[in-house]
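Take a look at the structure below.
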Amino acid sequence: MSEISNKLIKLIKNSLHEIYNLELSEESIMIEIPKDTSHGDYSTNIAMRLAKELHKSPREIASGLEDSFKATDFIEKVENAGPGFINFYLKKDSITGIIKTIILEEDSYGKNNFGNIEKVMVEYVSANPTGDLHLGHARGAAYGDTLTRILSFSGYNVLREYYVNDAGNQIETLGNSLFERYKEALGLPFDLSKIGYQGKDVLKLAQGIAKEDGDKWVNDDSDERKDYFKRVGTKLELDKIKVDLDLYRVSFDHYQSELELYRTGKVKNALSELEKSPYTYEQDGALWLKTTDFNDDKDRVLVKSDGSLTYLTPDIAYHKDKFDRGYDHLINIFGADHHGYMARLRAGLKILGYDDNKLEFRIIQIVRLMENGQEVKMSKRTGNAVTIRELCEDVGVDVARYFFISKPIISHLDFDLTLARKQSSENPVYYIQYAYARMNSILSKQSDYEIKDSYQLLNNEKEISLLKHLASFKDTLIDVCKIKEVNILANYAYKLAQLFHSYYNEFKVIDPENIELTKERLALVKSCKICLKNVLNLLGVEAKESM
RNA sequence: GUCCCCUUAGCUCAGUUGGAUAGAGCGUUUGGCUACGAACCAAAAGGUCAUGGGUUCGAAUCCUAUAGGGGACGCCA
């Protein structure tokens, strides 16, 4: 909560207690900044919300509260308006007070303890290590990365995790591909039909092995040889993914290997616990989990009739392990194609006795790449799906990240390449970065602002709007934490840029004729710059001093 | 067939515990650099919030039905 809205909420809470003998939580009291400034600096709808409970009309309730509000030192005027809104007009110095806070806190401005050091694990991307990351991953990566940055900034103890599926069929294929390429590299006959992954780097890696180890593996059909090729192949692919993620400014604290869950017996353990529950049964030679008892549309197989496991089994084990590692809250960021997966995973965890309310899914809707109004299905260069790397090389990391982040994940997204390539106001990233460059430009000309409790000369409408927006930064971050939609912060950045551009065009900051005013305005510009920089850092977009 | 998501200005989209006159950008029309960066700003025009019903002081927002669009439904991962 920003200082001001926090103060107002406390005030309202106390007044309600005093006058109507009501005990309300601070959470249930809403404060907002009215769009129309003639409705005050801040307003609340609390009187309307309580009308039923108190059996009084909203306006009656509001006027009952009014007197107690007037007794404070930071409110100029209170109005009872419309159907029952209470509008607050603040004294000017309580609004300008935010400048001092921002300048003193600097990089920490906006940091808050909403998360209360709760341990939360966020899993995202988790693409199979068998190829490059494509656009769907790009959206999930940008979203997950920004979300975790914001959660950390808001007092959560966050672990960012990538689950590496290094144990399934696709890894088998990868290992085989590598082995055949290895034979090819040695000039021996090889089976092209066994090469599922055609990438050049697989051949390159195979050539490396051939050089290093010679023909020692050629006639080796042991598991040891197979594991070796799988492991080396997986590492190659995962390293490539890491390079691309790094380029995209996305990083993880931990890569969890699926294979390791097998090795450490965690999969076996989870399976035997499931078998002990009353929710498994055998049918057609397979072992089933009765997920239909937990809102799934059909039961799911845990152990196939050939004795191997389905994907679900290690996945339940994985999530059990997440809880066992001590996380209070798990957030899984999945692509839309996985949505059917939620019910069975929840079911598995419930059966094992975990609280599935602590498992939260965020589903990312699909991305379409558009160019000149047409859908781009394949990369022109490679003929395959467009990768993160290609996208970043085409439009830049800042633009790519911002485009993904700026829309709610719930809706389908058309990524418009034509627009993204434009370096103009049509492209919101440049618009925001330009505002930052302007702030910097002013401050590099003159920067002798003063730090003080209030700035009496900042009193035009645009300055007040800017100040109120700056003060609402913390509230915005908390909103993101609550509903986990990071586009709110992107909108915040855009709005800040908009307010600043508008201010810049109407008022001159540096005025040699008016030194006092200049100093105060410079302090405002300085706070805007600090705030915007912090926002951009959270979005993973570069704050450029000049463009 | 079952389930999930979407439908807001000509176009692309915001609008989040239900609130005051539904907002931006693009496009269209107009105006602003002898001024701290015009990659900017100011103004105008543009709406049956897919449609019908319901809930209530109040609905783009919640419920319900219908239409249209997208996606998921394996002893694949």
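Based on DSSP H runs of at least 4 residues, each adding -39500 (n - 2.57), what is the mean residue ellipticity at 222 nm of chain A after dividing by all its residues, to the nearest 500 deg cm²/dmol?
Calculated at 222 nm, the ellipticity per residue is -16000 deg cm²/dmol.
Quick check for me: using +1 on Lys/Arg Cβ and -1 on Asp/Glu Cβ, what's the dipole size of segment A:241-283 about its Cα centre, in debye to the nearest 20?
My answer is approximately 100 debye.
Residue by residue through segment A:382-389, what is 3J(HN,Hα) from phi via Karplus (6.51 cos²θ - 1.76 cosθ + 1.60, θ = phi - 60°)? Round to whole Hz and write x for glycine and proline.
9, x, 9, 4, 5, 9, 4, 4
To the nearest 10 degrees, how steep is helix A:473-483 against the longest Cα principal axis of chain A, on a 0 to 90 scale?
So the helix axis and the longest Cα principal axis differ by about 40 degrees.
Taking the highest mean first, how do the peptides A:446-455, A:140-149, A:347-356 order by number of other beta carbon atoms within 10 angstrom per residue? Let's see the in-between values first.
Details: A:446-455: 14.8, A:140-149: 25.6, A:347-356: 19.1.
Top to bottom by mean Cβ count within 10 Å: A:140-149, A:347-356, A:446-455.
Which order, highest average first, do A:324-330, A:46-52 follow once you tally other Cβ atoms within 10 Å for each residue and take the mean per peptide? Could you put the intermediate results ahead of the total?
Values: A:324-330: 15.4, A:46-52: 19.0.
Listed from highest to lowest mean packing, they are A:46-52, A:324-330.
Rounded, prolate or oblate: which fits chain A when a ≥ b ≥ c are the square roots of the eigenvalues of the alpha-carbon gyration tensor, with rounded for a/c under 1.5 and prolate only if a/b beats b/c?
It comes out oblate by the Cα gyration axes.
Could you sort A:R401, A:R346, A:R381 by accessible area so the largest value comes first, with the probe set to 1.4 Å?
Highest to lowest solvent-accessible surface, that is A:R381, A:R346, A:R401.
HN-Hα J couplings of segment A:242-256 from phi, Karplus 6.51/-1.76/1.60, θ = phi - 60°, integer Hz, Gly and Pro as x?
Along segment A:242-256, the couplings run 5, 4, 5, 5, 4, 4, 8, 6, 10, 9, 10, 7, 8, 9, 9 Hz.
Mind giving me the nanometre distance, one decimal, between the label points for A:K242 and A:N459, set 7 Å out from Cα along Cα→Cβ?
Those two pseudo-labels are separated by 6.0 nm.
Which value in nm describes the separation of the simple spin-label points at A:D67 and A:E172, placed 7 Å from the Cα toward the beta carbon?
8.2
For segment A:167-238, rounded, prolate or oblate, judged on the Cα gyration tensor with a ≥ b ≥ c (square roots of eigenvalues), a/c < 1.5 rounded, else prolate if a/b > b/c?
rounded
As a test question: what accessible area, to the nearest 10 Å², does A:D223 have when a 1.4 Å probe is rolled over all protein chains in place?
Here the accessible area works out near 110 Å².
Select from A:A210, A:Y402, A:G168 the residue farthest towards the positive end of the dipole of chain A; place +1 on Cβ of Lys and Arg, -1 on Cβ of Asp and Glu, and compute about the Cα centre.
Towards the positive end, the residue furthest out is A:Y402.
As a quick test, which of the pairs A:K200/A:K377; A:K452/A:K484; A:K462/A:K484; A:K230/A:K380 have an alpha carbon distance above 24 angstrom in this structure? Before the final figure, lay out the partial values.
On the way: A:K200/A:K377 22 Å; A:K452/A:K484 36 Å; A:K462/A:K484 30 Å; A:K230/A:K380 30 Å.
Pairs exceeding the cut-off: A:K452/A:K484; A:K462/A:K484; A:K230/A:K380.
Report, for chain A, the % of DSSP beta bridges that are antiparallel, rounded to 5.
50
In square angstrom, rounded to the nearest 10, how much accessible surface does A:Y504 have for a 1.4 Å probe?
90
Scan around A:K91 for amide H atoms under 5 Å from its own, H built in the peptide plane at 1.01 Å from N, and keep only partners 5 or more places away or cross-chain.
A:I75, A:E76
Let me know the charge dipole size of segment A:467-516 about its Cα centre in debye, to the nearest 20, where only the beta-carbon of Lys, Arg (+1) and Asp, Glu (-1) is charged.
With only Lys, Arg, Asp and Glu charged at Cβ, the dipole is about 360 debye.
How do the peptides A:264-272, A:391-399, A:511-519 rank, highest first, by the average count of neighbouring beta carbon atoms within 10 Å per residue?
Descending packing order for the listed peptides: A:391-399, A:264-272, A:511-519.
Between A:R362 and residues 5 or more places away or on another chain, which pairs have amide H atoms under 5 Å apart, with H built 1.01 Å from N, and which residues are they?
Amide H neighbours of A:R362: A:N332, A:I333, A:F334.
Give the aspartates and glutamates whose C-alpha is closer than 14 Å to that of A:K526, dropping any in the same chain fewer than 8 places away, or say none.
A:E105, A:E106, A:D107, A:D448, A:E450, A:E463, A:E545
Within chain A, what whole-number % of the accessible surface is contributed by carbon and sulfur, with the 1.4 Å probe and all protein chains included in the calculation?
Working: 12080 of 25470 Å².
Here it works out to 47 percent.
Under the rule a/c < 1.5 gives rounded, and otherwise a/b versus b/c splits prolate from oblate, where does segment A:295-389 land using the Cα gyration tensor?
Values: a/c = 2.56, a/b = 1.90, b/c = 1.35.
Prolate, since a/c reaches 1.5 and a/b exceeds b/c.
Relative to the Cα centre, what is the charge dipole magnitude of chain A, using +1 at the beta carbon of each Lys and Arg, -1 at the beta carbon of each Asp and Glu, and rounding to the nearest 20 debye?
520
From the backbone phi of segment A:458-467, what are the Karplus-calculated ³J(HN,Hα) couplings (6.51 cos²θ - 1.76 cosθ + 1.60, θ = phi - 60°) in whole Hz, Gly and Pro given as x?
So the J values, rounded to whole Hz, are 8, 9, 7, 4, 6, 5, 5, 4, 4, 4.
Need one value: the accessible area of A:Y255 in square angstrom, 1.4 angstrom probe, rounded to the nearest 10.
60
Once fully extended, how much extra length lies between A:E53 and A:K482, figured as 0.36 nm per residue of separation less the alpha-carbon to alpha-carbon distance?
Using 0.36 nm per residue and subtracting the Cα-Cα distance, I get 151.8 nm.
Scan around A:R249 for amide H atoms under 5 Å from its own, H built in the peptide plane at 1.01 Å from N, and keep only partners 5 or more places away or cross-chain.
For A:R249, whose amide H was placed from the backbone, there are no distant partners under 5 Å.
Sequence gap of 8 or more, or different chains, plus Cα separation below 28 Å: how many lysine pairs satisfy both in segment A:31-121?
Here the count comes out as 24.
Along the charge dipole of chain A, which of A:H338, A:F74, A:I12 sits closest to the positive end, that is, farthest toward it, with unit charges on the beta carbon of Lys, Arg, Asp and Glu (+1, +1, -1, -1)?
Comparing the listed Cα positions along the dipole, A:F74 ranks first.
With a cut-off of 18 Å, note down the residues of segment A:257-289 whose backbone N falls inside the zone around a label point 7 Å from the Cα of A:S305 toward its beta carbon.
A:281-289
For chain A, with the dipole built from +1 on Lys and Arg beta-carbon atoms and -1 on Asp and Glu ones, taken about the Cα centre, which of A:I363, A:A127, A:H137 lies farthest toward the positive end?
So the residue we want is A:H137.
The values are calculated or read from the model by the stated rules, or taken from the named source; none is laboratory data. A quick note: this is a predicted structure, and the numbers were derived from the prediction, not measured. Every residue, glycine among them, receives a Cβ derived from its backbone with ideal geometry; neighbour counts consider all protein chains shown. Note: accessible area is taken over every heavy atom of the protein model, side chains too, but ligands, DNA and RNA are not part of it. Shrake-Rupley method; radii C 1.70, N 1.55, O 1.52, S 1.80 Å.
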